[in-house]
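The values are calculated or read from the model by the stated rules, or taken from the named source; none is laboratory data. Remember, it's a predicted structure, so these values are computed and weren't measured experimentally. Please note: Cβ atoms are built from the backbone with ideal geometry, for glycine as well, and neighbour counts cover all protein chains shown.
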Amino acid sequence: MRCAMSDRTPVRRFRSRDWFDAPHRSDMTALYLERFMNYGITADELRCGKPIIGIAQSGSDIAPCNRVHLRLADRIKAGIRDAGGIPMEFPVHPIFENCRRPTAALDRNLAYMGLVELLYGYPIDAVVLTTGCDKTTPSQIMAASTVDIPAIVQSGGPMLDGWHEGELVGSGTVIWRSRRKLAAGEITEEEFLQRAADSAPSDGHCNTMGTASTMNSVAEALGMSIPGNAMVPAPYRERGQMAYETGRRIVDMAYEDLRPSKILTRESFINAIKVVSALGGSSNAQPHIVAMARHAGVEIRPEDWMDHGYDVPLLVNMQPAGKYLSERFHRAGGVPAVMWELMQANQLTTDVLTVTGKTLGENLQGREASDREVIRRYDQPLMERAGFLVLKGNLFDFAIMKTSVISPDFRQRYLSEPGNEGVFEARAIVFDGSDDYHHRINDPSLNIDERCILVIRGSGPIGWPGSAEVVNMQPPDHLIQKGIMSLPTLGDGRQSGTSDSPSILNASPESAAGGGLAWLRTGDMVRIDLNKGECNALVDEAEIARRKAEGAPAFPESHSPWEELYREKTGQLRDGGVMDFALKYKQIAAKTPRH
Ligand code: FES
Ligand code: MG
């Protein structure tokens, strides 16, 4: 057999050789080999022991945020070839945040399961995970963890900065802000559409610090991508170069047997939690980080968000918590510069291993920010204590509030009563799902005023199903016209990472799983104490018991097989919304599947 390959020796025999070079089973090997030769891979090459590198392709017409990967895959392949690997691109289940009904959250676990089977059941030695739109990042990292073959994240990158009439307009955030302008009568429907279109000027994922940017930044913070990978805009030359470098690097990782289990440690997850605070990152980071950690065998407890993340200041001036967008953030130094700042303040564990084969601390050398308008110094932040506040009480055991988007106006109205700072009471207006909210929010008989809290239930993993981004409810039009742009909100669903609403969300257990929101009634007073992390309905025990006996509100039936299975198997947002039964499968590539 001719073998034109490098002189490198892998740490152990690549698993793909069990398919293509199985001693005593030439019949089996022939069967595996023949079809791959159709597209230019030679039998010798497949048999001689080069690593086969999967490219998990998440882009397609149905997943436009990741569509750039269709083009980038050629650069990844060139890198893999040049480093002595064999590339094999294959599709993963697409996830498009804005378009998938009833919610894209349903598909994170579906894409996870699909990718696990692909990585396990085919002759793949290492994999490039092509990420972008929100759930495409955690789903693929979860799968790479379960299988535990060398894996590297290649983000597609964000869009270019969006501009409308000389003003920066960021994806998602422009929608929430324009909705309020529309309700206030400041813009027409047509202008609304134009502002949205202008916020999306190119290929790429959302250009705000929404869930997509947050999760790609988290992947980088975890050590799963080449430094700087998260924020290079999709159309930039550097994006293609990074794809090529990623392709080269994954081949080395295959030889080094550098697997996710060596990178994804409790320390690296705690680093990521701190980075999310400094970024003003999406509240969706909470379930996704917990999910990735659990699949990696790492425990992230509810207290970790307070113990490690809450006190970290907001350093990145980017929408929705700040002003700028990803293109400028990239030019300012991106995620490495934020982590450099955290490292100087002794906030990170820096001796953790990363995909570069070096430690995080080594990767961050010389990565100081170049634009202090966008990336602040640790001791001159945009806001102190910018992490997620964790709350509990008689309505739920766990919920979070993203403090970096609590506006000065909101603070003034609700959290500044002299002698009682951080505490407020509000009258609950309860909605059963978002249709109910849209039908009734402007109903005068509800008497909604600025001392109300808008509550939505039936929006969690079981109730929706999938857990919907609906908690960022806008006040009724009459309040917006008076200049009241946000009311306190609470719900068992999520909210968009691009939203600037100061909501209490991800409440677990959800009402459909027997959580306290099920017995809350419109008119009840709810007391929120941000200092103690408490949220309680002021309803006495006997009355609560009486209401519980009336049963929980109904939720819609399942409309597809996956919805039914998802509801049966998926846990609550506090616990990452993972399928618990899947957690017992770890490092499964160590066992070769039978022929
Ligand atoms: Fe896909 Fe925001 S909608 S990245
Ligand atoms: Mg979203």
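Here are some notes:
- Of all residues in the range 482-501 being assigned to a loop (DSSP other than H, G, I, E, B) and away from ligand 2 (no atom under 15 Å from the Cβ), the one that is surrounded by the most Cβ atoms within 10 Å (Cβ to Cβ): Asp492
- The range 401-444: number of residues that are surrounded by fewer than 19 Cβ atoms within 10 Å (Cβ to Cβ) and touching a helix residue (DSSP H, G or I) at 6+ places or on another chain (Cβ under 6 Å): 1
- Within the range 176-195, not a single residue is within 17 Å of Cys65 (Cα to Cα) and either within 16 Å of ligand 1 (Cβ to nearest atom) or modelled with pLDDT under 95 (or both).
- Subset tally (residues that are within 16 Å of ligand 1 (Cβ to nearest atom), touching a strand residue (DSSP E or B) at 6+ places or on another chain (Cβ under 7 Å) and not charged (D, E, K, R)) for the range 471-510: 3
- Taken over the range 90-107, residues that are more than 14 Å from Gly132 (Cβ to Cβ) and near ligand 2 (Cβ under 10 Å from one of its atoms) amount to 2.
- Scope the range 537-595; condition surrounded by fewer than 16 Cβ atoms within 10 Å (Cβ to Cβ), closer than 30 Å to Gly523 by Cα and among the aliphatic types (A, V, I, L, M); matching residues: Leu538, Ala542, Ile544, Ala545, Ala549, Ala554
- From the list Asp575, Asp500, the lone residue that is modelled with pLDDT under 95 and within 23 Å of the chain's Cα centre (by Cα) is Asp500.
- Qualifying residue in the range 268-283 (condition: buried (at least 22 other Cβ atoms within 10 Å of the Cβ) and closer than 24 Å to Pro10 by Cα): no
- Considering the range 66-175, the qualifying helices (runs of 4 or more DSSP H), each wholly inside and each with 3 or more residues that are surrounded by fewer than 24 Cβ atoms within 10 Å (Cβ to Cβ) and more than 16 Å from ligand 1 (Cβ to nearest atom), run over 68-82, 106-121.
- Some residue of the range 312-326 being surrounded by fewer than 24 Cβ atoms within 10 Å (Cβ to Cβ) and assigned to a helix (DSSP H, G or I): no
- Among residues of the range 334-349, those that are in a loop (DSSP other than H, G, I, E, B) and surrounded by fewer than 23 Cβ atoms within 10 Å (Cβ to Cβ), counted: 4
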